[in-house]
Amino acid sequence: MCSTAAVTSGESTYTLELPYRRSVGPVVGAFLTGLRDATVLGSRTAAGRVIVPALEYDPDTGDEVSDLVPVGSAGVVTTWAWVPEPLRKHPLDRPFAWALVQLDGADTSLLHALDVGSIDDVSTGMRVQIRWRAERQGHMTDIECYEPEGAS
Amino acid sequence: MRDVAVVSFAQAPTSSTPVSDTEAQMLFPVVAEAMERSGLRRDEIGFTCSGSADYLAGQSFAFVGNLEVTGAWPPISESHVEMDGAWALYEAWVHLQSGHVDSALVFGSGISSRGDLREVLCLQNDPYYLMPLWADHVSLAALQARAVLDATGKGERDLAEIAARCRRSAVANPFAQRFADVTADDLLAEPYAVAPLRTGDCPPVSDGAAAVVLVAGDRAREVCEHPAWIRGLDHRIEPHYPGLRDLTVSESTRLAGEAAGVGDRPIDVAELSSSFSHEELLLRAALGLGDAVDVNPSGGPLAANPVMATGLTRIGEAARQIHDGHATRTLGHATSGPCLQQNLVCVLEGDRS
Amino acid sequence: MAERCAVVGVGQTHHTKVRDDVSLAGLLREAAGRALEDAEMTWSDIDAVVIGTAPDTFEGVMMPELYLADALGASGKPMLRVHTAGSVGGSTAIVASNLITGGVRKRVLTVAFEKQSEGDTTWALGGGRSGSVGAGGYFAPHIRGYIDRSKAPEYVGWMVAVKDRKNALLNPYAHLKVPDISLEMVKESPMVWDPVRRLESCPASDGACAMVLTDEAGGDAASKPAAWLHGTAMRSELGQFPGRDPISPKAGQDCAADVYRQAGITDPINDVDMVECYVPFSWYEPMWMENLGFAALGDGWKLTEDGETEIGGKLPVNCSGGVLSSNPIGASGMLRFAEAAMQVRGTAGEHQVPDVRTAVGHAYGGAAQYFAMWVLRTEKP
Amino acid sequence: MSDTTEVEEAEGGPVRFMQQHIALDYVMRVSPIATRFAEGLHRGVILGRRCPSCSLVFVPPRTFCNICTVAMGDSQELEVTDRGMVTAFTILTPIQYHGQQERQDYALASILLDGADGTVGQQRLLDLPLEQVRTGLRVEAVWASEDDRRGDGGGAMGFGFGSAITGWKPTGEPDADPASYAEHAL
């Protein structure tokens, strides 16, 4: 809902707020179900490319894809960005890196937060692994974040 | 294709102090100025098209309020895209191609300052995989910046040089919001927004609007001393999810640029929607623009970034270079979506003497 | 028009209250895939994609064309997103047709959609505030104004509701189906926005519609009959100002006059074989009959009363069951345009009107201030 | 958040739904004209502006005439009365949705103020049985107490009476001649 506060000192603030309930369909659904089971699924296109996260179509051609294959839960950082001051809605509340990670067996990269102590601890090409949340519900945040391989 | 020219352009002064007006109030003088400069009466306009986004305004059907500035009584032939005004210009240009009408009014507008742009633009992300992470557009741009630096061997100083040049160019632009006689060293002293992008590599949050009048055929020469003829106009999109793409190139810009004939003859001036410093590197490469090309003499989006009007402003600025007789062949570029997902290229030429 | 344009493929989803078996992409792909199949084309045959939807707040995705680009096979292609309020589905089809008639593209896929069940449209229509009256609350005074002005009997609204709901029974894709619909049922249904009763109102639907448009060569090459475009028009007027007539808006009149002029229609009631127009509340049928020039001002309701708007009447209206039966808002306008195409192509199945040569599609939106129309024929222009 | 998703997940079936709560904060800076209008309301005065070109009086005031597309400044400002007539109405049975606070049937009307040329829409009618609501009904503003008279920031579509006028009640005058509001069906 939206609550309109009274006008004070020339400003009014309001929050555009609404819960959405999204139906996810078979392929996104399978991917999210996989996350709940601590597995990452990719979709294999006719050309043999393994797309992660799984899509119900080949992103290059639009052709339908239904062949889902598991990929590894560790991989290589293809690019990254360091967030010195996280926004209130970011996955981590301390400085962190975003990382696009090509998981083992995938041909594309999956975005998530990478939990490292400083900008000096992250580099392109480094190996990282998924840190799974203990309580998983079939949602992107079932992946808590990435962490350097071998951590914890 | 039918000859169509940009015959007038107007823009709102952007400001770091957010405007208190409604979007329509902000648009009104801009549209009025573009109309006045065109010399056309309102009833001579055959088609009107605008670009804006509800989520910037924080209100469903926000664009309906903007119809007010057109004086849509008696009724007008009109359409709206939920895109940057540059795509409204494209729709209008297509409409002119079909021969139904001979002139068009185009405008784009947005009040970015109303919300937190880094949160609002997260809603552009796919709802299942990206949106839940609140991966904001600055963070996504920084991922692409890192990929570009890794691939090209360039460094943060190269980015700062671009940003400093834009800031210096903007000193001469009365509509710019962020301008200063700064050096790369000054900008390298600024903190990271999201590394490798420093605050100076990122655009300001701007409220703004732009308007353009298009006229087809010889009528354009009657109303404008130096019409800016649209010689090429195309746009392309790529897969959405950044992890699917090669972030070290802008493939959709390359395709649009080729289709628009950018490389047919030299470009004098290019106004690029490079909101982040590294995007200029990507766009220059994708469009084949050499060092001789004057890029963003207005300062570009790093000087003022009125989202939903930024792209149309680029085309307007590119046209102005021809209107003023400063250039004979220019380029305006617009972009949309995370990491330059969608790109539009407009090639403009003056009459050759 | 510079270039001829043909509709060679039409597809739509099954419209229901909640399409909880698909993602947003899946919903659009269902309609688009059917349109491609109908056109005997694949994704790679398409040059450009034009999509339309009503406010982004309905699904909570800003500019969803970005996320949907590769789902619609648009990778490396041009993609446009249109938003003109409730008329958007019609406007979207017109923008797609302009790409053809302007000679810019040869084969265009156009898609419009709404997945109303994801969020809350009444909330979104109210700008996220309490006290949203919804579309019905907004239009109810106009409807009352029409009834007062035309002296139409109360049962005309019920008749429209019964006719459209009966037509919906013939349409496998329609959302709301009331098998034993009767005047009595409509009359007894609760008053929601006086004078509009529940069964005189449109549902909220999930759904999508898609069409494939081609140039003349594409229309000639199609193995199924093509519907040839004879005119398009869009008109907008200010939502409120002194002296505005929202009951028969001038923008609607002008839009009709423009599209008829292009198509050479001089006597609409006789020159047009069927019309699919945007009737979200039953009374809009007689209102639009007058506004679009099928009846004199004040006489539109007589067409309904005389049964002339039924399949088999002089001017069948909303043979698909109309917006009253399926209302995925962003797609609703395109469904009107698509039904006109299906009727001309002879592919409307059980709700086919025999021997349609000329069909009109119509959509409106905002405060009855945005209008979009097209005219299709079996013959080339 | 109590829906089938959690149940299905508890049973370990495939994930079919995703819940997402989107909350975006916006700050609306009230424009000078809206502030001035709100100040008028605080004093119990309704301000409008007259177009210098077509002479139509707009309430609430606008910075430009949307018909003539000419600017209207402070010099075009005037006061109108807080009385007028109902030109259109509906009676609503509120639809229940997230954030809806209305529970009972109520009447909303368009009101043409004496001296104004456009109606003000979506106005609450008070002190009158719903079955007596009609066009032509003469009404007057019911003002909130002075402390509660605040304007609103408006949005893309403009601004309104905020909390200053809680609704409109019958004046008891005879109904207006239909010809006097024939052009104001909104």
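The values are calculated or read from the model by the stated rules, or taken from the named source; none is laboratory data. None of these values were measured; they are calculated from a predicted model. Note: ideal-geometry Cβ built from the backbone for every residue, glycine included; neighbour counts use all protein chains shown. Quick note on the areas: whole protein, heavy atoms, side chains included, nothing else; ligands and nucleic acids left out. Shrake-Rupley method; radii C 1.70, N 1.55, O 1.52, S 1.80 Å.
See the values below:
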quantity: Heavy atoms of B:Arg146: accessible area, 1.4 Å probe, square angstrom to 10; calculated: 40 Å²
quantity: Translational diffusion coefficient (Stokes-Einstein; Kirkwood radius from C-alpha pairs) of the protein assembly as shown at 4 °C, 1.567 mPa s, in µm²/s; calculated: 44 µm²/s
quantity: Percent accessible area from carbon and sulfur atoms, chain B, protein chains only, probe 1.4 Å; calculated: 48 percent
quantity: nm² value of the averaged projected area, convex hull over the Cα atoms of the range B:185-228; calculated: 6.0 nm²
quantity: Burial of 30 Å² or greater, the range C:165-201 residues [accessible area, probe 1.4 Å, versus chain by itself]; calculated: C:Val192, C:Trp193, C:Asp194
quantity: Accessible surface of chain D [probe 1.4 Å, protein heavy atoms]: carbon and sulfur percent; calculated: 49 percent
quantity: Relative contact order computed over the range A:23-148 (Cα-Cα under 8 Å; 6+ residues apart), in percent; calculated: 24 percent
quantity: Stretch gain in nm, segment B:Ala180-B:Thr152, where the contour uses 0.36 nm per residue and the Cα spacing is subtracted; calculated: 7.3 nm
quantity: The range A:52-92, accessible surface, carbon-and-sulfur percent (1.4 angstrom probe); calculated: 47 percent
quantity: Size of the B/D contact, given as accessible area buried on both chains, probe 1.4 Å, in Å²; calculated: 2400 Å²
quantity: Interface residues, the range B:305-353 - accessible area loss of 10 Å² or more versus chain alone, probe 1.4 Å; calculated: B:Met308, B:Ser336, B:Gln341, B:Gln342
quantity: Aspartates and glutamates with Cα under 17 Å of C:Lys302, excluding same-chain neighbours fewer than 8 positions away; calculated: C:Asp148, C:Glu154, C:Asp164, C:Glu285, C:Glu290, C:Glu310
quantity: Neighbour net charge for D:Ser53 - beta-carbon separation under 14 angstrom, K R +1, D E -1; calculated: +3
quantity: Residue (of A:Ala81, A:Ala134, A:Leu55) at the positive-pole extreme of the range A:23-148, dipole from beta-carbon charges; calculated: A:Ala134
quantity: Counted charge near B:Ala210, where neighbours are those whose Cβ lies closer than 10 Å (Asp, Glu -1; Lys, Arg +1); calculated: -1
quantity: Area buried, chain C against chain B - accessible surface, total, 1.4 angstrom probe, square angstrom; calculated: 4700 Å²
quantity: Reciprocal mean inverse distance between Cα atoms of chain B - Kirkwood radius, Å; calculated: 20.0 Å
quantity: Most to least packed among C:362-375, A:24-37, A:65-78 [average Cβ atoms within 10 Å]; calculated: C:362-375, A:24-37, A:65-78
quantity: Shielding score for A:74-85, defined as the mean number of other chain Cβ atoms within 10 Å; calculated: 6
quantity: Protein accessible surface hidden between B and A, which excludes ligands and nucleic acids, total in Å², probe 1.4 Å; calculated: 2900 Å²
quantity: Antiparallel bridges, percent of DSSP beta bridges restricted to the range A:23-148 (to nearest 5); calculated: 95 percent
quantity: Calculated FRET efficiency for the pair D:Asp114/B:Arg168, C-beta based, R₀ 45 Å, to 0.05; calculated: 0.15
quantity: Estimated dipole of the range A:23-148 in Debye, rounded to 20 [Cβ of Lys and Arg +1, of Asp and Glu -1, Cα centre]; calculated: 280 debye
quantity: Kirkwood-based Rg to Rh ratio, the range A:23-148, C-alpha trace; calculated: 0.99
quantity: Neighbouring partner chain Cβ atoms per residue of B:231-239, average, 10 Å criterion; calculated: 6
quantity: Cβ-defined net charge surrounding C:Pro381, 12 Å radius [Lys, Arg +1; Asp, Glu -1]; calculated: 0
quantity: Inter-chain Cβ neighbour average for residues B:134-145, partner chain, 10 Å; calculated: 5
quantity: Relative packing of peptides B:26-32, C:252-258, B:176-182, D:37-43 - highest average C-beta neighbours within 10 Å first; calculated: B:26-32, C:252-258, D:37-43, B:176-182
quantity: Buried on assembly, the range A:122-148 (at least 10 Å² less accessible surface than by itself, 1.4 Å probe); calculated: A:Thr124, A:Gln137, A:Gly138, A:His139, A:Met140, A:Thr141
quantity: Per residue accessible area in Å² of the protein assembly as shown, where ligands, DNA and RNA are left out and the probe is 1.4 Å; calculated: 31 Å²
